[in-house]
1. Among what's in the stretch 191-205 and is of a type in the set (A, V, I, L, M) and over 17 Å from Ile475 (Cβ atoms), pick the residue that is surrounded by the most Cβ atoms within 10 Å (Cβ to Cβ).
2. Thr196 - would you say it is in contact with a His (Cβ under 9 Å, 6 or more places away or on another chain) and either more than 16 Å from the ligand (Cβ to nearest atom) or over 30 Å from Ile161 (Cβ atoms) (or both)?
3. Scanning the stretch 428-439 for residues that are of a type in the set (A, V, I, L, M, F, W, C) and outside any loop (DSSP other than H, G, I, E, B), which turns out nearest to the ligand (Cβ to nearest atom)?
4. Got at least one residue in the stretch 440-459 being in contact with a Gly (Cβ under 8 Å, 6 or more places away or on another chain), within 16 Å of the ligand (Cβ to nearest atom), more than 26 Å from Leu104 (Cα to Cα) and modelled with pLDDT of 95 or more?
5. Restricted to the stretch 122-168, and to residues that are away from the ligand (no atom under 11 Å from the Cβ) and of a type in the set (Ser, Thr, Tyr), which residue is surrounded by the most Cβ atoms within 10 Å (Cβ to Cβ)?
6. Just to be sure, is Gln141 assigned to a loop (DSSP other than H, G, I, E, B), within 20 Å of the chain's Cα centre (by Cα) and more than 15 Å from Gly434 (Cα to Cα)?
7. Give the residue that is farthest from Gly181 (Cα to Cα), with candidates limited to residues of the stretch 314-343 that are assigned to a loop (DSSP other than H, G, I, E, B) and aromatic (Phe, Trp, Tyr).
8. Which of the following residues is of a type in the set (A, V, I, L, M, F, W, C), away from the ligand (no atom under 16 Å from the Cβ) and surrounded by 14 or more Cβ atoms within 10 Å (Cβ to Cβ): Ala249, Ala231, Ala245?
Amino acid sequence: MSLIKTVARVCQMTCGYRHNFYRDVLLASSYNFTRSSLSPNTIWKRNHSAIISPFEFDEVHDIHDGDRDAPLILPNNEAEFVIIGGGLMGLSLAFHLWRNLEELTPIKASKHLAPVIAVVERDPSLSKASSSLSCGGIRQQFSHPCNIKLSMKSTEYLKNIKLHLATAGQDIPDVQYNPQGYLFLATQNGADQLMTNYTTQIENGAKVMLMSQNKLKEVFPWMNVDGIELACYGLENEGWYDPWALMEALKIKLKSFGVRFVTGEVVGFKKKYASEQNPAGRVIASMPDGSRTEIAESVQGTYLPVEPRKRYVYTVHCPDGPIFDCPMVVDPSGLYIRREGFGGHYICGMSPEDDNSVDHSNLDVDYDFFHEEVWPRLAHRIPAMEKLKLKSAWAGYYDYNTFDQNGVIGKHPYYWNFSFLTGFSGHGVQMAMGAAACLAEKLVTGPGELSKEIDVTPLGFERFIINRPVVEANIV
Ligand SMILES: Cc1cc2nc3c(=O)[nH]c(=O)nc-3n(C[C@H](O)[C@H](O)[C@H](O)COP(=O)(O)OP(=O)(O)OC[C@H]3O[C@@H](n4cnc5c(N)ncnc54)[C@H](O)[C@@H]3O)c2cc1C
């Protein structure tokens, strides 16, 4: 069977047939959104010269009304919401879109009457997705109110995930949520900033406490507190979970909702200016890595400044290391470490000082980086770590926002049918559920209760145009 027929058959199997229009495209992938030049009326049209598709489609054509001769990636152009990228952002977005739409649908949860949501993923194994390769950490300790609230909102979902994602006939979902505070350490230079962060966190409802050097030594006697002036410890809503388990649970739930999963690579979309609004042809895209795409380029020279940046995670074993009283430690040097289980295993890492020194084109691990940069810092802060054994390591891509290392949430400023949910850099898995809930509300009903609770306006694409970065002091 030719590839084109295979693709068409897979599409039929996964998509079925429905309405003759789609409405929104959501950009929820993380990086490597293919740079391509597109014909003006193309939505997902494959550009033969530009696309690198793992599936080598012969033809993946316009899903919009128009090019009737072309094979359709979604038969009958049925999707009203098209989500680009099936990582945690895309899946969370599909979940919240459905929940919001469900409220509007007279027959609740009807697969047959509800608008169609399609999630397009080019690599369904998600083997290189940031979400699969992340550490799953979640914290309330940010400096910007928006980030604090988005993380806290996600924790609300995670704590009740069984309620949200339980599906008839399936195992009860367990995302292995492990409550454990983050411990941010500050030298004299960073103490003022830590104090300011603490104040903002408290004002926004976070449960955190400050510790002096003496208190720190008392609570964590295994730590070398030399040079530490102040520390901040999370008392609630912090820890880590398994993003893979969450994605699996989301997929099961979404399938039960009738959300369509499409294998393919999105290379562009048909732009709709605000003045062109009509019910047919809205596109929603949540694509975290849409850097320098035709989409971003078209905004008067303003790019979506999101690109893949490689980060390493090292697994070590240290029989004499702290266990039950080991928080997620974030050292002033940028080093982080947390335990992994209770058997003396830990994961640790840090961002390189100079990203230009890293080859971001592959996911090879740099072991010298561990020996030269990570281990010395580790052994300094936790002397027991002098004696550790490096067990394994992996690398993954941050969906790195080069502008201000924060997420991009909301509609495209000019193209009303395109939205972003991307660029969360090192804090995407902890914000996915909260951020997706905010975007879904805006798209389905317009600003409502959630918008009053969390104002994500500062995280809009507009900030790149007006040059107004969201300043976040607690980047890990
Ligand atoms: C080592 C590491 C540790 C991390 N630790 C944490 C942490 O502790 N806490 C935290 O909150 N965050 C952490 N992060 C960051 C977090 O993982 C990301 O911010 C988050 O996973 C981004 O989710 P996503 O769905 O946007 O991206 P992804 O999970 O990368 O999913 C995007 C998907 O889009 C697909 N795609 C891209 N372009 C296209 C296209 N054109 N057509 C179709 N599909 C496309 C890709 O194949 C990909 O599967 C970490 C990241 C790394 C690498």
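1. Ala191
2. When the stated conditions are applied, Thr196 does not pass them.
3. So, considering only residues that are of a type in the set (A, V, I, L, M, F, W, C) and outside any loop (DSSP other than H, G, I, E, B), the one nearest to the ligand (Cβ to nearest atom) is Ala432.
4. Restricting attention to the stretch 440-459, the residues satisfying the condition of being in contact with a Gly (Cβ under 8 Å, 6 or more places away or on another chain) are 441-442, 454, 456-457, 459.
With the extra rule that they be within 16 Å of the ligand (Cβ to nearest atom), the set shrinks to 456, 459.
Then drop every residue that is not more than 26 Å from Leu104 (Cα to Cα), which leaves 459.
Now narrow it down to the ones that are modelled with pLDDT of 95 or more: 459.
Scanning the stretch 440-459, I find at least one residue that is in contact with a Gly (Cβ under 8 Å, 6 or more places away or on another chain), within 16 Å of the ligand (Cβ to nearest atom), more than 26 Å from Leu104 (Cα to Cα) and modelled with pLDDT of 95 or more, so the answer is yes.
5. Restricting to residues being away from the ligand (no atom under 11 Å from the Cβ) and of a type in the set (Ser, Thr, Tyr), the top hit is Thr155.
6. The answer is yes for Gln141.
7. Residue satisfying both the conditions and the ranking: Phe342.
8. Every option except Ala231 fails the conditions.
The values are calculated or read from the model by the stated rules, or taken from the named source; none is laboratory data. This structure is a prediction, so every number in the text was calculated from the model and none was measured. Because the Cβ atoms are built from the backbone with ideal geometry, glycine has one as well, and the counts that use them run over all protein chains shown.
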